[in-house]
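Written out below as structure tokens is the structure these notes cover.
The values are calculated or read from the model by the stated rules, or taken from the named source; none is laboratory data. Quick caveat, the model's predicted, so the values are computed rather than measured. Glycine also receives a Cβ, built like all others from the backbone with ideal geometry; neighbour counts cover every protein chain displayed. Protein only, heavy atoms only, side chains kept; ligands, DNA and RNA dropped before computing areas. Shrake-Rupley method; radii C 1.70, N 1.55, O 1.52, S 1.80 Å.
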Amino acid sequence: MAVPAAVLVTSLLPVTAASAANAVTVYYQPPTAWGASVNIHYGIDGSGWTSVPGVAMDAACPGWRRKTIDLGAAAGLQVVFTNGAGVWDNNNGANYRLGTGPVSVAGGRVSAGDPCAGTDPSPTPTPTGTPAPGATAEIYYRLTTRNWTAANIHYRPTGGTWTAVPGTAMEVACAGWARKVIDLGTASGLTAAFNNGAGQWDNNNGADYTIGTGRSTVSGGEVTPAAANPCGAPPPPDTSAPSVPAGLRATVNGVRVTVDWTASTDDRAVTGYEVIRTGGDSGTVRTATTGTRHVAAGLLPRTAYRWTVRARDEAGNWSAASDPVTATTGDAPPAPAGGSPLGGDPREDTIYFVMTARFADGDPSNNRGGSQHVRSGNAANDDPMFRGDFQGLVDKLDYIKALGFSAIWITPVVLNRSDYDFHGYHGWDFHRVDPRLESPGASYQDLINAAHGKGIKIFQDVVYNHSSRWGRRGCSPRPCTAYGTSSGSGTTTSRRPGGSTTRWSNTTAPTRR
């Protein structure tokens, strides 16, 4: 290892036997002229050397730097030291030969033992706002935000001068993080920028980073002072399940049942619940929710149902099922009387397009978040995917008419089924209206009747050429290529590239009602 010599050596310490941990903790006392930057450049027996200038050493007790190195199966290593600015201590060209355990290197001499043993690692308290002499800044920089594998820190202590470009190397502390401990002396902090040593810089968009004493993290352009160690031991796994939901009760309103319960508790966080329903002709129905209230609509009349609830935490632990609650539905509401289509030429109409599930929330009890409620961020913003409904449309008919529109075009109302189906274009059961849009007194027919009562037509968007999860109910995709047509819809024949012919349904076929 040929590097300039800076310090002479008078004796060497023989290699010691490998310890049980097979590691060496190197303590180095750098020349006072070196300042805050000290790197150790080493080669473990049987392995290659670290990249020049090596890795940064940590501050130990006053005047000493420290680095613990895992030797694996090796019995020792060779080391040299540098200030990162071209000045080296390489034992006058012979390098330092070290074994395992605590070893100190000072003034060209190698000794066994910890020179900081018995010293008080805590700094002497100083008045608030006054940095202690020899204060340090421990800086962790997140590499993965810029896809870097290494980083240098180019810095200037408050009131001092900048390091030479590109700064000093940071050690890779753990996966995705680089670390550097900087001796600030009497400075209260520093200004810094980072680079990967290959011309790419992170200088906080030209403003540089202002960092104080103690441990700070720099991640994604944000400085977090007094930060937790991002490379510290991970928290123990969460194996504790939430408490069992309690206090279940069911409230019946015709063929709608509302189930609510007392929130569960957890040592970390409850993230949701699973509501389990049995009874009727639908077998076991499981519904996910983040709240403590669930509304089941469209149930069979005069039928007994049973519900239980269990809670889930952020680690995926499930509680046991709650005590059950049972309820028997009442009579179904009478079907609304059918209306007659409004006459007139639709080409004369001004049409207002509405995505029903996102337009107006007339009945919060039928709101649904869907399976992606938490992951999408909707839960945090109290914005369930299905909010709007027919009741909301009924409530806004006067508003729409006042805007000058004589017709409303609404997204498909058939029962949808997918992770994101608020738009209505993931039809699954084309013979059933989606219950998330309906409310007592605000069915699909009630909407049509209310619109007609105000002289407003309803144009219904229907889509036959795609459906979701993943196909349509009771029909595999291949044999079932088309549905029957209804007023305003139809099919056309088109030729695919290559000459094959297939039947296509119209993508959007409005049906006037």
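So the values come out like this:
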item: Estimated inter-spin distance, TYR420 and ARG286, nm [label 7 Å along Cα→Cβ]; result: 2.5 nm
item: Segment 389-462 - convex hull of the alpha-carbon atoms, volume per residue in Å³; result: 85 Å³
item: Carbon/sulfur fraction of accessible area - segment 212-343, other protein chains in place, 1.4 Å, %; result: 50 percent
item: Net charge over other residues, Cβ less than 12 angstrom from the Cβ of THR350 (K, R count +1; D, E count -1); result: +1
item: Phi-based couplings in Hz for segment 69-85 (Karplus 6.51, -1.76, 1.60; Gly and Pro marked x); result: 10, 7, 8, x, 9, 6, 8, x, 7, 10, 9, 9, 10, 8, 8, x, 10
item: Stokes-Einstein translational diffusion, segment 338-390 - Kirkwood Rh over all Cα pairs, 1.002 mPa s, 20 °C, in µm²/s; result: 158 µm²/s
item: Extreme residue, positive dipole direction of segment 341-399, given options THR356, PRO346, GLY377 (C-beta unit charges); result: GLY377
item: Formal net charge of residues neighbouring ALA135 (Cβ-Cβ distance under 14 Å; K, R +1; D, E -1); result: -1
item: Ellipsoid equivalent to segment 174-309 - semi-axes via the Cα gyration tensor, in Å; result: 56, 17, 14
item: Local electrostatic count, ARG286, Cβ distance below 11 Å [Lys/Arg +1, Asp/Glu -1]; result: +1
item: Cα convex hull of segment 21-102, projected area averaged across orientations, nm²; result: 5.3 nm²
item: With DNA, RNA and ligands ignored, accessible area of MET355 (1.4 Å probe; Å², nearest 10); result: 60 Å²
item: Distant-in-sequence amide H partners of THR411 (H built 1.01 Å from N, under 5 Å); result: VAL354, THR356
item: Residues in segment 55-93 reached by a label modelled at ALA33 [backbone nitrogen below 15 Å; 7 Å Cα→Cβ]; result: 82-90
item: Rg and Dmax [Cα atoms of segment 248-384; Å; Rg one decimal, Dmax integer]; result: 19.2, 65
item: Lysines whose Cα lies under 26 Å from that of LYS401, excluding same-chain neighbours fewer than 8 positions away; result: LYS454, LYS457
item: HN-Hα J in Hz across segment 442-459 - Karplus 6.51, -1.76, 1.60, θ = phi - 60°, x for Gly and Pro; result: 9, 7, 4, 5, 4, 4, 4, 4, 5, 5, 4, x, 9, x, 10, 8, 10, 9
item: In Hz, Karplus ³J(HN,Hα) per residue of segment 60-68 (6.51, -1.76, 1.60; θ = phi - 60°; x = Gly, Pro); result: 10, 7, x, x, 10, 10, 9, 8, 9
